[in-house]
Amino acid sequence: MSFLEILLISVSLAADAFAVSICKGLSLKKINIKDAVKVGIWFGLFQALMPTIGFFLGETFEHIIICIDHWVAFILLATIGGKMVFESFSHEEKVDSDLSFKTMLILSIATSIDALVVGIAYVCAYGSKNAIITFPIIGIITFVLSFVGVYVGNKFGSKYKNIAEFTGGLILVLLGAEILLEHLGFL
């Protein structure tokens, strides 16, 4: 797995957290660095943790799915990516400034479920190659984008939320297609 692929996966997975961070920034009357760091840590931590959990689940069941692993990776990535693209066309806005433990835990889990699935797909596509580097990079990039998202939301509103979600979803679909085509011998 190249660094570019790691970067693309990281940015794609961070898109949901970035979109929610924009909404958080939009809802906060006055932003302070503590709130932006808090949002970044929550989302970054879960985006690193969930693919790690998915990776270990995938390794546990790898022997069962080894002959269809490329199809599993494609279906999972295409489904998650397609869902993100579809949701990018939704104009539903729910703005809530609550940064409590319970709220942030729920949002962190909700925005990182796709990372759990990507962790499973990662085993199917790449085995354990670069996993120890990839998952922390996902968390770091998510932290940075979430931190920035709070400020972007406060400054520009929700203008970029749908664009981020659409782009992230499209990248996941394309990565899934690349994995499938590579395993089928077309790349």
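The values are calculated or read from the model by the stated rules, or taken from the named source; none is laboratory data. From a predicted model like this one, the values you see are computed outputs, not experimental measurements. In this analysis, Cβ positions are derived from the backbone assuming ideal geometry, glycine residues included, and neighbour counts consider all displayed protein chains. Areas reflect the complete protein model, heavy atoms only, side chains present, ligands, DNA and RNA absent. Shrake-Rupley method; radii C 1.70, N 1.55, O 1.52, S 1.80 Å.
Computed over protein heavy atoms with a 1.4 Å probe, the carbon and sulfur contribution to the accessible area of the stretch 1-88 reaches 78%.
Loop-located chymotrypsin sites (Phe, Trp or Tyr not before Pro) in the stretch 1-110 (DSSP state other than H, G, I, E, B) with a sparse environment of at most 14 neighbouring Cβ atoms within 10 Å: Phe89.
For chymotrypsin sites (Phe, Trp or Tyr not before Pro), the sites in the stretch 129-187 that DSSP calls loop and that have at most 14 other Cβ atoms within 10 Å are Phe186. Just the protein heavy atoms count here, and of the accessible area of the stretch 116-187 at 1.4 Å, carbon and sulfur take up 73 percent. For the stretch 2-45, the calculated P(r), taken from all Cα-Cα distances in 10 Å bins from zero up to the bin holding the longest distance, is 26, 45, 23, 6, 0 percent.
Overall size of the stretch 20-131 from C-alpha positions, given as principal axis extents largest first: 53, 29, 22 Å. Evaluating kT/(6 pi eta Rh) at 37 °C and 0.692 mPa s, with the Kirkwood radius of the chain over Cα pairs in the Stokes-Einstein relation, gives 200 µm² s⁻¹. The trypsin sites (Lys or Arg not before Pro) of the stretch 117-187 that meet both conditions, a loop assignment by DSSP and at most 12 other Cβ atoms within 10 Å of the site Cβ, are Lys129, Lys159.
Under the convention that each Lys and Arg Cβ holds +1 and each Asp and Glu Cβ holds -1, the size of the dipole of the chain around its Cα centre is about 860 debye.
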